[in-house]
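Undergrad: Take this structure first; my questions come after.
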Amino acid sequence: MDQHKGTAGHLLSIVTILIWGTTFISTKLLLTDFSPFEILLFRFLIGYVVLFLLYPRPVRTKTFKEEWLFISAGLCGVTLYFLIENIALTYTLASHVGVIVSIAPFFTAVMAHFFLEGEKLTAPFMIGFALALTGIVLIGFNGSLNLDLNPVGDLLAFLAPAVWAVYSVLMRKISGLNHHNIGATRKVFFYGLLFMLPVIRVDGFHPNLDRFYNLSNLANLLYLAIGASAICFVTWNRAVSILGVVTTSVYIYLVPVISVAASALFLHEPITSATLAGAFLTLIGSYISERKHGLIGKRELRKTIRSAQSSMETK
């Protein structure tokens, strides 16, 4: 991989996660006037319009097999993932959902190991996963030992990252078709919105325009639609095509860390010692997991040391 291209992939991942890590604030504020499904519908509908304006050309597939990749990606990454996550929140604690959903990189790595070439599980990834998961648990439960488990909600929360793993693998395959990134993302949004239509009859939909006159509602909805949906899905899909699905997914570990920092900054929520310890473990774990080729071997380590010594002597 070209070094500059790889750097661009990491930057795209970081920008995406920085935005995704703060979306809970906008969602929390919008839940006062909007239902969870309405927020989902509006954010992706507006996001689709934005992507269409940026790239109005149609994305044509050669076979139904290729079209099926887009259909499946829209179903998994847009409709099912967010609906399952929102439903889980109605049954169990938000902290539980936050912790469980953050293990998406593990599910993604397992899926990629079996269905993608060059995306194999490594020992460093597993070590990093263990450290990051420990940190995420500390952040999510904030040092409390009161688990208050709810089988239905927690099982649904486990299903959400599994669905996201399928979406990630599908997008990796779609990136190999060499379609325009914005156009491909827009096509995925289209199928995601299509699969939301049956949910409207079940969940209900109230087109009350008065809610949009509230500047706070409008700003938060546009942030979710343009920032977290239109822009972030494009940047994330591009990062996946550059770095691979496993390396990119590791950045999801950072979402709880960013969420904690954002809640302290914007909602003035306290940061405890357990939260700080969890953030530290999560950062260390994500760094170890991101080392795609594993830990440096002894021979490579000796070469690195000799090279550094030679450099010092020449100076």
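Undergrad: Of the residues V163, V110, V169, V152, which is out of contact with any Ser or Thr (no Cβ under 6 Å at 6 or more places or on another chain), open to solvent by 50 Å² or more (accessible area, probe 1.4 Å) and either modelled with pLDDT of 80 or more or in a helix (DSSP H, G or I) (or both)?
TA: V152
Undergrad: Being over 18 Å from the mean Cα position of the chain (by Cα), within 13 Å of S289 (Cβ to Cβ), of a type in the set (A, V, I, L, M) and not in a loop (DSSP other than H, G, I, E, B) is the filter here, so list the residues in segment 113-141 that pass it.
TA: A123, M126, I127, A130, L131, listed by residue number.
Undergrad: Okay, moving on. Limited to segment 43-78, what total is found for residues that are open to solvent by less than 60 Å² (accessible area, probe 1.4 Å), touching a residue at least 24 places away in the same chain (Cβ under 8 Å) and either part of a helix (DSSP H, G or I) or not polar (S, T, N, Q) (or both)? Let's see the steps before the verdict.
TA: Of segment 43-78, the ones open to solvent by less than 60 Å² (accessible area, probe 1.4 Å) are 43-44, 46-48, 50-51, 55, 59, 61, 66-67, 69-78.
Now restrict to residues that are touching a residue at least 24 places away in the same chain (Cβ under 8 Å): 43-44, 46-48, 50-51, 55, 59, 61, 66, 69-78.
Pick out the ones that are also either part of a helix (DSSP H, G or I) or not polar (S, T, N, Q) (or both) and you get 43-44, 46-48, 50-51, 55, 59, 66, 69-78.
Result for segment 43-78: 20.
Undergrad: Say we look at segment 248-283 and pick out the residues that are in a helix (DSSP H, G or I) and either among the polar types (S, T, N, Q) or closer than 12 Å to P124 by Cβ (or both); which of these is modelled with the lowest pLDDT?
TA: Applying the filter and picking the extreme gives S263.
Undergrad: Looking only at segment 21-39, decide whether some residue is more than 20 Å from the chain's Cα centre (by Cα), of a type outside the set (D, E, K, R), outside any loop (DSSP other than H, G, I, E, B) and at pLDDT below 85.
TA: yes
Undergrad: Assess whether E85 counts as being over 17 Å from the mean Cα position of the chain (by Cα), open to solvent by less than 70 Å² (accessible area, probe 1.4 Å) and either modelled with pLDDT of 80 or more or closer than 20 Å to N181 by Cα (or both).
TA: The answer is no for E85.
The values are calculated or read from the model by the stated rules, or taken from the named source; none is laboratory data. Source: prediction; values computed, not measured. Positions of Cβ are generated from backbone atoms using ideal geometry, with glycine treated the same way; all protein chains shown enter the neighbour counts. Please note that ligands, DNA and RNA were not included when accessible areas were found on the heavy atoms of the full protein model with its side chains. Shrake-Rupley method; radii C 1.70, N 1.55, O 1.52, S 1.80 Å.
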